[in-house]
Amino acid sequence: GKEERRDRTFFLQDENQTLQQQVAQLTAQLALLQAHAAPPPPPHQKCPVAVPNKFSGQPEMFLAFMGQCQLFMAMRPEDFPTDRVKVGFVISLLTGQAAKWATPLLVQDSPLLDNFQGFLQQMNIMFENPIKSQIVDRKLKNITQGKRPLQEYVAEFRLLCMDSNWNEPAHMAAFQEGLSDAIKDELVHAECASTLDSLITQCLRIEARLQQRGYKRTVAEPSVFSRARIPPMRVYQSKTSAEEPMEIGALRPRLTVQERSRRFQEGLCLYCGGLGHFVNSCTRKGTRGPVPETSAGPSGNGVDSDPSRHLLLDTHIFLQSRKEGIPAVALVDSGATTSFMDYAIVKHFKVPLVSVTPPMQVETVDGRELKSGPIRFATQPLRMRIGDHEEAISFYVTSNLHLPLVLGVSWLRLHDPLVAWAQNAVSFPSLQCVDHLRHVSTGQHVVASAVSIPSELSDFSDVFSEQEADQLPPHRVYDCPVDLIPGAPLPKGRLYSLSEPELVALREFLDKNLARGFIRPSSSPLSAPVLFVKKKSGELRLCCDYRRLNSITVRNSYPLPLISELMERLREATIFTKLDLRGAYNLVRMRQGDEWKTAFGTRYGHFEYTVMPFGLTNNRRADALSRKPEYTCAEDPLPLRTVLPPESLAVLQEPVDLRAQLREAQHLDAWTQQRRGDVGSNSPWSFEDDLLRHRGLIYVPTRPLRALIMTQCHDNPAAGHFGFHKTLHLITRTFWWPRVRHDVSSYVASCV
């Protein structure tokens with residue numbers, strides 16, 4: 001029995017141990033299954049920080065760049081475990097000069113690649129502005145709020161404070177000094193702030209109260225000036241476009257765009273809308289009562305009930321294509337910087353235009369650009385009549401004007417008219433206007449004096465006409481170009497002080513050439529200074545200083561003939577003709593699109609040439625291309641195409657007479673007769689054309705003939721007073737005499 005119990009006990013123990021092992025295995029499997037069944041932990045979310053912009057080395061952007069880099073690395077620490085990775089990341093964002101600075105560090109495997117703080121210190125030394133603190137201090141002293149919102153002023157001030165070494169009381173004093181006067185006045189009654197933050201908060205509250213108070217006052221209480229000066233009026237607003245506060249006339253429209261266009265197309269009066277007359281003869285204009293309303297389509301637009309609010313002038317515009325003048329109402333607007341014409345009248349009457357290069361931006365009174373876009377066209381000089389006053393004027397063309405014409409400040413400054421507000425009229429007291437009115441009132445007309453033209457040239461009488469020479473020539477293939485060197489800075493000259501006679505001459509020059517169309521108002525970024533040079537007659541000639549423009553102009557390589565070559569071809573000529581072109585340079589137009597490059601500045605405005613002016617580096621070549629006259633020589637039937645100036649053709653009289661004089665002088669010279677015996681095959685002397693020659697050059701025996709030859713080769717206008725070497729070269733190509741070098745040297749030295 002005991003052995004059975006013992007065996008039974010061992011068996012149970014083994015069974016129990018086996019069960020325990022099975023339980024442990026099941027527990028482990030259960031835990032494993034539970035682990036697989038549990039949801040995965042949320043993935044690591046990286047901070048959504050943008051990669052910093054690349055840095056090219058500008059000192060003002062250095063701190064911002066490094067701040068962005070450090071923020072990016074701080075938000076992603078697992079991506080930047082070592083200093084080498086950080087340095088490599090910063091170098092990868094460098095470009096331009098900054099990349100050139102960092103390249104040697106990579107090539108030489110610098111120790112700075114493993115020292116991020118040392119790398120930052122070197123970048124600070126290289127790219128941070130060394131005088132930044134002085135610049136910030138100066139800006140803090142000069143910063144003001146002005147008319148901008150306080151929030152903008154605060155933002156700019158805090159940015160400056162970050163780079164400033166001032167303490168807080170100094171910052172508070174500078175901040176308070178730059179505030180607007182309205183906020184300063186309110187701070188006087190407020191409690192003094194103890195910190196900069198509290199001062200800023202206090203000022204923001206004050207500005208909010210001032211804005212709220214100003215709004216309530218505007219809504220509830222119209223000002224005394226408004227009640228006293230603004231008469232009751234009826235306002236008609238367009239449904240298609242709201243009125244735009246324009247610099248060229250920020251006023252309530254008298255006529256809507258649709259109504260004005262309709263009256264133009266139907267030939268109605270712009271004032272009352274009646275048929276059979278224009279605004280200058282409108283009988284209703286004399287009365288100050290309201291003008292009857294007229295329908296302008298579905299919008300129901302009409303005219304202003306008070307037509308006497310603005311200074312309006314009745315004008316007539318004259319075109320070459322029309323015999324009658326175009327009646328147009330002009331608004332005199334001192335808020336417009338220059339004069340404008342509405343595109344509707346340009347399109348209807350086909351007014352000739354010229355392009356404005358580059359296009360001119362026009363801003364409204366609130367600083368916005370016009371909705372119609374930049375101005376790209378201007379009219380050619382037009383004749384405008386206001387009563388007895390006539391003038392030549394160019395208008396910039398824009399759209400959506402409330403009247404056909406706007407006369408701006410440039411027109412007011414030019415004429416300085418006297419305004420009679422009660423009669424809504426102007427008079428022109430300036431000297432040039434009074435002189436013009438005197439001629440008109442007495443029936444006088446300036447007529448060019450008759451020119452005596454030979455009968456042989458009667459078929460070409462138009463060539464000698466002064467009126468024809470004053471007309472603007474058409475564009476041709478040889479228009480004068482001005483090609484600028486790419487990337488060259490555009491020059492801008494200053495205004496020179498002028499005397500009273502020079503100002504009178506300047507005014508006459510501008511008036512005359514504006515009327516001819518040779519110049520026009522300009523908005524060019526270039527500007528050449530002007531000065532005056534006195535002529536021999538005592539008159540003043542205006543000269544534009546184009547030296548800086550010429551320095552950036554590509555030279556035209558058109559080959560001008562050599563003067564010496566032209567002189568050689570004229571040697572046997574016996575008949576010479578002097579021809580001069582009237583206003584020669586004004587017969588050549590500037591290449592279309594290059595007019596803005598000839599701009600010049602005066603106290604009376606900014607203008608540009610439409611014809612070729614004096615002083616341009618390529619104008620002689622353009623003039624040569626345009627002329628190409630033909631002078632026929634007696635000894636040569638072929639035409640000679642030349643660009644000799646007219647004065648040189650009037651004095652060339654060397655040919656046959658000089659040879660005859662040389663033959664006669666050699667025949668009478670005893671020394672020359674002795675040389676006849678020396679002529680031989682081995683002698684330098686020879687006879688040809690009955691002239692003694694030394695090594696092929698004509699021997700000049702007498703001093704008067706030598707002086708004559710030196711005069712013609714040195715003093716001739718075509719030769720341009722050459723120096724010693726050039727004069728000697730011209731002489732020794734044909735002539736010879738003993739000590740010729742000495743004589744030429746003495747002559748050139750004595751030439752004044």
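Points to keep in mind about this one:
- The range 529-543, residues that are in a strand (DSSP E or B) and in contact with a Gly (Cβ under 8 Å, 6 or more places away or on another chain): V530, C543
- Considering residues of the range 329-339 that are polar (S, T, N, Q) and under 14 Å from T379 (Cβ atoms) only, the residue surrounded by the most Cβ atoms within 10 Å (Cβ to Cβ): S339
- Top-ranked residue in the range 382-430 [being assigned to a strand (DSSP E or B) and small (G, A, S); ranked as nearest to R603 (Cα to Cα)]: A392
- Test: residue in the range 118-134 that is of a type in the set (G, A, S) and under 15 Å from F65 (Cβ atoms): no
- Qualifying residue in the range 642-652 (condition: surrounded by 13 or more Cβ atoms within 10 Å (Cβ to Cβ), of a type in the set (S, T, Y) and modelled with pLDDT under 85): yes
- From the options R209, R213, R227, R205, residue that is at pLDDT below 50, charged (D, E, K, R) and more than 39 Å from the chain's Cα centre (by Cα): R227
- Qualifying positions in the range 580-618 - acidic (D, E) and over 18 Å from the mean Cα position of the chain (by Cα): D580
- Being assigned to a helix (DSSP H, G or I) and at pLDDT below 80 is a property that R706 lacks.
- Residue count for the range 471-527, restricted to those that are touching a Pro at 6+ places or on another chain (Cβ under 6 Å) and buried (at least 18 other Cβ atoms within 10 Å of the Cβ): 3.
- When the range 65-122 is filtered for residues that are basic (K, R) and either closer than 19 Å to K54 by Cβ or in a loop (DSSP other than H, G, I, E, B) (or both), the ones remaining, listed by number, are R76, K86, K100.
- Enumeration of residues in the range 329-372 that are part of a strand (DSSP E or B), more than 21 Å from the chain's Cα centre (by Cα) and within 25 Å of R516 (Cβ to Cβ): A330, M341
- Flag if L514 is under 30 Å from S551 (Cβ atoms), at pLDDT 85 or above and in a helix (DSSP H, G or I): yes
- R138 being at negative phi and surrounded by 13 or more Cβ atoms within 10 Å (Cβ to Cβ): no
- Residue in the range 320-328 that is of a type in the set (S, T, Y) and either surrounded by 17 or more Cβ atoms within 10 Å (Cβ to Cβ) or more than 23 Å from the chain's Cα centre (by Cα) (or both) present: yes
- Scanning the range 449-502 for residues that are touching a helix residue (DSSP H, G or I) at 6+ places or on another chain (Cβ under 6 Å) and either of a type in the set (S, T, Y) or assigned to a loop (DSSP other than H, G, I, E, B) (or both), we see that the one that is modelled with the lowest pLDDT is V451.
- The set of residues in the range 488-546 that are in contact (Cβ under 8 Å) with a residue 60 or more places away in the chain and aromatic (F, W, Y) comprises F518, Y546.
The values are calculated or read from the model by the stated rules, or taken from the named source; none is laboratory data. What you see is a predicted model; the values in this text were computed from it and never measured. Positions of Cβ are generated from backbone atoms using ideal geometry, with glycine treated the same way; all protein chains shown enter the neighbour counts.
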